[in-house]
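Written out below as structure tokens is the structure these notes cover.
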Amino acid sequence: MRYAILSDIHANLEALEAVLGEIEHLGVDRVFCLGDVVGYNADPNACVRLLMEKGIPSLMGNHDAAACGLEEPDAFNPVARAAVLWTRGALHEECRRFLRNQPLRIELPGGICMVHGSLLHRDHYLMARSDVMMNLDRMGAADPPIRLLFFGHTHVQAAFDDAALPCGPPPAELVLERARRYLVNPGSVGQPRDGNPSAAFLVYDDEIDTVRFARCSYDLRSCADKILSAGLPERLAARLYSGC
Ligand code: ZN
């Protein structure tokens, strides 16, 4: 089975459509989203509808929770807060309902688990070695144990092995060892923050046990123009071009 894993779409319809087109071309069996479908960019309803139409399960992200009114964006920075409040006003009822009903975790057979931030907390940024180690402890203690954890939230593609050391990317294709545990981040579809403006995602093949990190160019100008026309903060358009 081949899985495409997306995360942090953030209402970027152009990037989502480009990634879904690429995924169709690659011929994957199932698609999952690790959350933050909305926030920052200007197409929240169209992005949620596309996930609904395609039957793509998604997790609850911090922007999703604030946009659908389950939480207040008290911990958000001013730009993120302005965008999430704009999104709250723009969301249609059916889209709000979809976001409200997203789970915090998806588990698949074979010890695969998906979360938005980390196993410690939905909003936890999993980057530092100490954080990876704490998550590895949780993975080992889970019943059944988690062998492969997919996480998002940082908007940066990453992979760590069970020594809590980075093991990708690069290479673009990571061959997993059966007896080891891994934590893998597909990066962000709608607002990459690693200096590369292309939309990021990954494909996991559970038969040959490989993770393939992928990038996909999209009509960035169209998305940026919509941000400006919607009256969202200019910084949100500028950061799409710089990819950080
Ligand atoms: Zn995000």
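Each reported figure results from applying straightforward, stated rules to the coordinates on display, with no laboratory input. Quick caveat, the model's predicted, so the values are computed rather than measured.
For the chain, the 222 nm mean residue ellipticity estimated from helices alone, with every DSSP H stretch of n ≥ 4 adding -39500 (n - 2.57) and the total spread over all residues, rounds to -10500 deg cm²/dmol. Translational diffusion coefficient of segment 1-130 (Stokes-Einstein, Kirkwood radius from Cα pairs, 10 °C, 1.306 mPa s): 106 µm²/s. What do you get for the angle between helix 78-90 and the principal long axis of the chain? Use alpha-carbon atoms, 0 to 90 degrees, nearest ten. Orientation of helix 78-90: about 70 degrees from the principal axis.
Extents of the chain, taken as max minus min of Cα coordinates on every principal axis and listed largest first, are 51, 35, 31 Å.
Our compactness index for segment 147-214, the C-alpha radius of gyration over the empirical 2.2 N^0.38 Å, is 1.05.
Note on segment 117-135 and segment 187-232: Cα centroid distance 22 Å, given to the nearest whole angstrom.
In terms of its C-alpha gyration tensor, segment 181-244 has a prolate overall shape, because the principal axis ratio a/c (a ≥ b ≥ c, square roots of the eigenvalues) is not below 1.5 and a/b outweighs b/c. Of all DSSP-defined beta bridges confined to the chain, some 70% are antiparallel rather than parallel. When restricted to Cα atoms, segment 132-179 yields an Rg and a Dmax of 11.3, 31 Å, respectively.
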